[in-house]
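The structure appears right after this line, and notes come after that.
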Amino acid sequence: MPMNDNALTFRIRNLDFYYGPSIALSQINMDILPQHVTALIGPSGCGKSTFVRCLNRMNDTISGTRVEGEILLEGEDIYAPEVDLVGLRQRVGMVFQKPNPFPQTIFDNVAFGPRVLGMTKDKTELKEIVTKSLKRAAVWEDVKDQLHDDALGLSLGQQQRLCIARVLAVQAEVILMDEPCSALDPIATGKIEELIHELKELYTIVIVTHNMQQAARVSDFTGLFWLGELIEFSETKKLFTNPKHELTEAYITGRMG
Ligand SMILES: Nc1ncnc2c1ncn2[C@@H]1O[C@H](COP(=O)(O)OP(=O)(O)O)[C@@H](O)[C@H]1O
Ligand SMILES: [Mg+2]
């Protein structure tokens, strides 16, 4: 059933992306549905990170880059000149491969965004946001007695969930995750996967992963990137059991990539 633009979180049409003269993404078309998990897979260097960074204009900070085509977020062109980048990155948050908490307390890490954005009227409200975000990110039980300790003292898995709490604290609608588990052990990875499952009730999630089993476990839709092109994009079950494209079949069976 075709959805209108506003019912989609992202509508991406004919997206090309250039680093200087070299093209990194070519003619990408994708619809990203709200409250679903979309996984992006493919070999290293095929454009997955470049693509997710287009979704909140993080690539803008790299000089000499150029975007062509269209990315609509709930019907609005995110590359339109009047778009407020701070507001965009608040709505579309990002979690990176390596957890990157600030060298500050756990509380201050989560409070940072709401403070900068002036989201709360007093301390009580700020505390409420911090608590709620830590709970939603499934890290509250781990940290509730040490909110004023240095965040860098946490395990990597806890740090990653703290980074997710930071995104939730500014009331993001979309969470982009670029290989969020690749620095984590299997138990910490399992916790993040469980969390992704819970978060999709409220948020739209786009996750880059080099782990195909992870894509199969956590996502509703999967896209396979290959040399800057989106080779196949479909329901996860379909992509893994009945791929349309030969390259997809070769990649998921381990014959290529
Ligand atoms: N900052 C950059 N400047 C120039 N080229 C880049 C930059 N980042 C990535 N690339 C190039 O763009 C292509 C896609 O990279 P990337 O999006 O990081 O792929 P992936 O995340 O799938 O590993 C690669 O050829 C990479 O070398
Ligand atoms: Mg990458």
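Some points to look at:
- Working from Cα pairs under 8 Å separated by at least six residues, relative contact order for the range 5-252 is 28 percent.
- Check: the range 5-252 dipole with +1 on Lys, Arg Cβ and -1 on Asp, Glu Cβ, in debye: 360
- Considering only PHE107, PHE221, PRO81, the residue lying farthest towards the positive end of the dipole of the range 5-252 is PHE107, judged by Cα position with unit charges set on Cβ.
- Ordering LEU147, SER63, ILE192 by Cα displacement along the dipole of the chain toward the positive end leaves LEU147 in first place; charges were set at the Cβ atoms of Lys, Arg (+1) and Asp, Glu (-1).
- Taking Lys and Arg as +1 and Asp and Glu as -1, the other residues whose beta-carbon sits under 14 Å from that of LYS237 total 0.
- Candidate aspartates and glutamates for bridging to LYS237, where Cα separation is under 15 Å - those fewer than 8 sequence places away on the same chain excluded: ASP220, GLU249
- Counting only alpha carbon atoms, the long axis of helix 123-136 and the longest principal axis of the chain meet at about 50°.
- Across the range 187-193, coupling constants 3J(HN,Hα) worked out from phi with the 6.51/-1.76/1.60 Karplus curve, θ = phi - 60°, read 5, 5, 4, x, 5, 5, 5 Hz, and Gly and Pro carry x.
- Extension gain, THR61 back to ASN100 (0.36 nm per residue minus Cα-Cα distance, nm): 12.2 nm
- Simple spin-label estimate for LEU227 and ASP145 in nanometres, 7 Å along Cα-Cβ: 5.7
- For the range 63-95, GluC sites (Glu not before Pro) meeting the loop criterion (DSSP other than H, G, I, E, B) and having at most 11 other Cβ atoms within 10 Å: GLU82.
- With 29 Å as the limit on Cα-Cα distance, the pairs of LYS48/LYS144; LYS98/LYS200; LYS191/LYS238 that go past it are LYS48/LYS144.
- Per residue, the convex hull spanned by the Cα atoms of the range 5-252 amounts to 127 cubic angstrom.
Values in this text are rule-based calculations from the coordinates and carry no lab data. Just so we're clear, the structure is a prediction, and the values are computed from it rather than from any experiment. No Cβ is skipped: glycine too gets one built from the backbone with ideal geometry, and neighbour counts run over all protein chains shown.
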